[in-house]
Structures are given as C-alpha cells and as structure tokens.
Amino acid sequence: MRLVVAGSPSAAVPTLDALAASEHEIVRVITRPPAPLGRKRVLTPTPVAARATELGLPVLETTRLAELEPELLPLDVDLGVIVAYGGLVREPLLSWPRLGWINLHFSLLPRWRGAAPVQHAIIAGDEVTGATVFQLTPGLDEGDWFAQERETIGAHRTAGALLDALSVSGSALTRGVVDGLAAGALTARPQEGEPTFAPKLVRDDARIRWGEPVEAVHARIRGVTPEPGAFSTAGDGAVLKVLEATPARDARSLPPGACALDGRRVLVGTATAPLELVRVQPAGRSAMSAGDWARGLGADALPVLS
C-alpha cells in the first residue's frame, strides 16, 4: 500500500522504521517544524524528520495539516498512519486516504485518551497499560480499534522508559495492522468501558505533593520523568529537581517535606513512609547524587520541601 506517515517525537521513529522496512511505500512523512532546543536554542528538526531524511523519504513540516491540503490531496494514498504527530487531522484530509487513518496510541483505550497517556497511567498508579492501534475519527481517540497489547508498568519505570518500550512494541503492532488492512483481513471493534482522559502535562503537574502517601509521591515523580521533570521548592523558594527517588525501607517517620540524613540516605517525609532521594539537581547546578547535595548543605541546614 501507499502510505503517509505523520509523527514528531522519538516515540514515533520505531514505527517509521518498521513501515520503511516493509513492502509498503511511504510517499510522504509529515512532522512538526524544527524547534529551538538546548541552552543556545538551536533550531533542531524533530526525531522523525531526522530519521526520514536518513531514509531518503520526502518530508513535509507543518504545525497545521490544513496547510498541506494543496500538496497532499492530489496524491493517491491508501492509508495514513499517525504516531504522536502533535496536531489534529480534520476533513478533507481525514477521509482522503482510501482506508482513512490509523493511530498508534500508548494506552489501553478508552483509558487515557489524550496527549499524555503514559504519564497519567503512572501518576494514577495503574499496574498495566499498553498500546492501541485504532481508526482515527473526528473525536478525541474515540475510533474503533484494530489491535491492542498490554504492558506491565512495574514499580520503578519512569514515563520515559515505559514510552521507549511501548514505542518499540507498538511499531510491530502497527505494522501488523497495516499488513492486515492491506490483506483485507482486519475488522475494527468498538471501544468498551468508561473513558478517562490524559491532557498534556503542565508545570504544576510536576510539583511534588509531599502530603500524599509515599506511593503516590513516587508515582508522580516517575510519571513526569523526564518531562516536565519533578521538582520541589525549599523555604527560600529555590527549586530542587528530583531526578530519581525510591520509597525508603525501614526508615523513621518524618513530617511531609522534611529532609533528614539517615546514614548515607537522604530521606524526605510524606503522609506515610519517607521517600529516599537518589539523584537531584539544585537550581543553577548540575545533576548530582542526593547525598552530595545534602552533605554540601550540612545536616542542620537541610530544607523543608514544598
């Protein structure tokens, strides 16, 4: 089949690779324009754009798919495949491919419809998530689905690590659906169950709530790692990023947000058991072990975090 593939972040690259290695033809790759990255704000192509260029595929960059209608609509395309493109597909482009569009979404729909399903699944304390390939419709992630797979989240995986795993397994899932549609061997089925929603995370979602139980605190830290990145503030307002942490075992109770040294461990109180800080990044400094940060301040000068 003749395909158009739309995607932007690194999570979409495995699917692009899987389809490029298949018998199908990718006639266009659609992605978002270069964005300024790093301290020097250098304009950088999306990971999908960079990989498509390496593969010799024609790339179109836009924030609004409607701008591409004059170029896309005359093309003969059988199927559109979208993975985390970052924009909506509306008519007439929605019904332009002969078989419409399919979307690889990183959740077990209808749970966690929206932009940040992996992050919300971890923050909510879900034990299992997965990936779904479904038929794109005008509604938010509402279409009938062709294939799903389940993935155990585990007690320590971050959103970044889980998304990496799902992007690889989801690429094989997507290729299987494309092959099945080409053979006329697949039938979609309706989503069942009450939907939940996963809007894009904002900075306040990454603020640690020390008054919550330790399991919820740990889940939030993992769910916002690496982006937007968990943080807390000390009494003077200085920001402390928490890059890695784990529930403390056999530790004395501490008031929520209170920091203490326990041997080589740096503990912070929650509503239940303390959390052990492993790696942190103080404001204006590089990432470091929590022990180095605490010893640099001194045991008597450890802050109360909020």
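What is the Cα centroid distance between the range 261-287 and the range 104-165, reported in whole angstrom?
So the two Cα centres are separated by 30 Å.
Dipole magnitude of the chain about its Cα centre, charges +1 at Lys/Arg Cβ and -1 at Asp/Glu Cβ only, in debye to the nearest 20? Before the final figure, lay out each step's value.
Numbers: 30 positive and 34 negative charges, 214 e Å.
Approximately 1020 debye in magnitude.
Tell me the Kirkwood hydrodynamic radius of the chain in angstroms, computed as one over the mean inverse distance between distinct C-alpha pairs.
Values: mean 1/r = 0.0474 Å⁻¹.
Evaluated over the chain, this radius sits at 21.1 Å.
Nothing charged except the Cβ atoms of Lys and Arg (+1) and of Asp and Glu (-1): what's the magnitude of the dipole of the range 190-259 about its Cα centre? Round to the nearest 20 debye.
Details: 9 positive and 10 negative charges, 52 e Å.
That gives a dipole near 240 debye.
Note down the relative contact order for the range 1-47 as a percent, whole number, built from C-alpha pairs under 8 angstrom at least six residues apart.
Details: 59 pairs, mean separation 19.8, N = 47.
Here the relative contact order equals 42 percent.
Multiply the residue gap between H156 and A124 by 0.36 nm, knock off their C-alpha separation, and tell me the result in nm, one decimal place.
On the way: separation 32, 0.36 × 32 = 11.52 nm, distance 1.39 nm.
Contour length minus the Cα-Cα distance gives 10.1 nm.
Which whole-angstrom value gives the distance between the alpha carbon centres of the range 2-46 and the range 178-233?
Cα centroid of the range 2-46 versus Cα centroid of the range 178-233: 22 Å apart.
Determine the dipole magnitude for the range 78-217: charges of +1 sit on the beta-carbon of Lys and Arg, -1 on that of Asp and Glu, nothing else is charged, the reference point is the Cα centre, and the result goes in debye to the nearest 20.
Numbers: 12 positive and 17 negative charges, 59 e Å.
Charge dipole of the range 78-217: 280 debye, to the nearest 20.
Take the chain, connect every pair of alpha-carbon atoms lying under 10 Å apart with a spring to form a Gaussian network, then pick out the residue of S286, S167, S253 with the largest mean-square fluctuation.
S286
Over the range 186-306, what is the mean sequence separation of C-alpha contacts under 8 Å (at least six apart), divided by residue count, expressed as relative contact order in percent? Please report the intermediate quantities before stating the final value.
Values: 221 pairs, mean separation 29.3, N = 121.
In percent, rounded to a whole number, it is 24.
Between A21 and T137, what FRET efficiency follows from the Cβ-Cβ distance if R0 is 41 Å, with the result rounded to 0.05? Don't jump to the answer; show the numbers that get you there.
Working: r = 29 Å, r/R0 = 0.70.
My answer for the efficiency is 0.90.
Please find the FRET efficiency linking D300 to L186, where r is the Cβ-Cβ separation and R0 is fixed at 45 Å, and quote it to the nearest 0.05.
Working: r = 66 Å, r/R0 = 1.46.
E between D300 and L186, to the nearest 0.05, is 0.10.
Pull out the extension gain between R249 and E54, defined as 0.36 nm times the separation in residues minus the alpha carbon to alpha carbon distance; nm, one decimal. Provide the component values of the computation, followed by the final result.
On the way: separation 195, 0.36 × 195 = 70.20 nm, distance 4.82 nm.
This chain segment gains 65.4 nm when fully extended.
Cα gyration tensor of the range 44-187, axes a ≥ b ≥ c as square roots of the eigenvalues: rounded (a/c below 1.5), prolate (a/b > b/c) or oblate?
Numbers: a/c = 1.79, a/b = 1.48, b/c = 1.21.
Cα axes put the range 44-187 in the prolate bin.
Name the most mobile residue of P97, P47, P195, meaning the one with the largest mean-square fluctuation, in a Gaussian network model of the chain with Cα contacts below 10 Å.
P195
Could you give the accessible area per residue of the range 157-209, probe 1.4 Å, as a whole number in Å²? Write down the numbers at each step before the final one.
Values: 2880 Å² over 53 residues.
Ligands and nucleic acids excluded, the figure is 54 Å² per residue.
How high is the relative contact order of the chain, in percent, counting Cα pairs under 8 Å that sit 6 or more residues apart?
Reported as a whole number, the value is 13 percent.
Using the Cα centre of the chain as origin and beta-carbon charges of +1 (Lys, Arg) and -1 (Asp, Glu), tell me which of T246, T129, V13 is placed farthest towards the positive end of the dipole.
Checked the options; the winner is T246.
Which of L94, S171, P303 sits closest to the plus end of the dipole of the chain, meaning its Cα is farthest towards the positive end, when Lys and Arg get +1 and Asp and Glu get -1 on the C-beta?
P303
With a Förster radius of 35 Å, plug the Cβ-Cβ distance of S95 and A271 into 1/(1 + (r/R0)^6) and report the FRET value to the nearest 0.05.
Efficiency, from the Cβ-Cβ distance: 0.10.
Please identify which residues in the range 1-15 have an amide N closer than 20 Å to a label point set 7 Å out from the Cα of A115, following the Cα→Cβ vector.
6-13
The values are calculated or read from the model by the stated rules, or taken from the named source; none is laboratory data. Quick caveat, the model's predicted, so the values are computed rather than measured. Cβ atoms come from the backbone with ideal geometry, glycine included; neighbour counts cover every protein chain shown. Side chains are part of the model used for accessible areas, which takes the heavy atoms of the whole protein and leaves out ligands, DNA and RNA. Shrake-Rupley method; radii C 1.70, N 1.55, O 1.52, S 1.80 Å.
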